[in-house]
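Following: one structure in structure tokens, then a few remarks.
Any read-out appearing in this document is the output of simple, stated calculations on the displayed coordinates, not a laboratory observation. Because the structure is predicted, anything quoted here is derived from the model rather than measured. Using ideal geometry, Cβ is built from the backbone for each residue, glycine included, and neighbour counts are taken over all protein chains shown.
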Amino acid sequence: MARTRSRPRIHPGAEVDARASVGDGTSVWGMAHIREGATVGRDCTIGRGVYIGPGASVADGCKVQNYAAIYEPARLEEGAFVGPAVIFTNDFYPRAVSPEGVPKRAGDWTPVGVTVRRGASIGARSVCVAPVTIGRWALVAAGSVVTRDVPDFALVAGAPARRLKWVGRAGVPLEPAGEYRFVCPQTGEHYTERDGTLSMSEGAA
């Protein structure tokens, strides 16, 4: 039987532009601000005070916690998690004025975005300095400053963030299971490391 989806639940205190798109089953809590052209998929949770900039994209099943700022042109793939007060920047060389002292306008710079791949998680109060990509099922520890791409399944921490361990799809650190092989203690899934990258072993779901 097909699942019946409810319409979006938007708190009266939220500000959702009429030109934004919010999918069925998504909850948008008070003081959230979703700008024009932004897209939020189905079954998402958009917490209190979240900002999602013009044209930013949030795919199905994502959770964006309170007071996170998702500046355009950020893109979140399915099942991404963004913790409280996380910041995604979008200007690598920010200035309020030109060298002549003239206030800069939107057309005076080219925004660059943060991409969060499927299932990845960004811990509370982390800052992702665009342009960076957070790989599939990666985990960024709380308070990190991400200045370069994060590989799939990597656990990174610090300022700047560096890889500490590998994690599986459950978010649990993997345990060694032989040369270049790892196993998730929670799910039993097996992973293989090759040339500094990690992938699920053949036959895994």
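Observations on the structure shown:
- Calculated FRET efficiency, S199 to R125, Cβ-Cβ distance, R0 = 41 Å: about 0.85 to the nearest 0.05.
- Listed values [x] 1.17; [y] 1.03; [z] 0.98, entry calculated as Rg/Rh (Cα atoms, Kirkwood Rh): [y]
- With a Förster radius of 35 Å applied to the beta-carbon distance between E78 and K104, the computed FRET efficiency rounds to 0.50.
- Normalised contact order of the chain, rounded percent, pairs of Cα under 8 Å and 6 or more residues apart: 10
- Close amide H partners of Y67, meaning residues 5 or more places away or on another chain with modelled amide H under 5 Å apart, are R48, G49, V50, A85.
- Cleavage-rule hits (trypsin sites (Lys or Arg not before Pro)) in segment 45-143: DSSP loop, at most 11 neighbouring Cβ within 10 angstrom: R95, R105
- Take the chain and mark each of the chymotrypsin sites (Phe, Trp or Tyr not before Pro) that is in a DSSP loop with at most 16 other Cβ atoms within 10 Å; the longest unmarked stretch, sites excluded, is 1-91.
- Once backbone amide H atoms are built at 1.01 Å from N, W166 has L155, L174 as its partners under 5 Å, excluding neighbours fewer than 5 places away on the same chain.
- Sorted fewest first by neighbouring Cβ atoms within 10 angstrom, V64, V16 come out as V16, V64.
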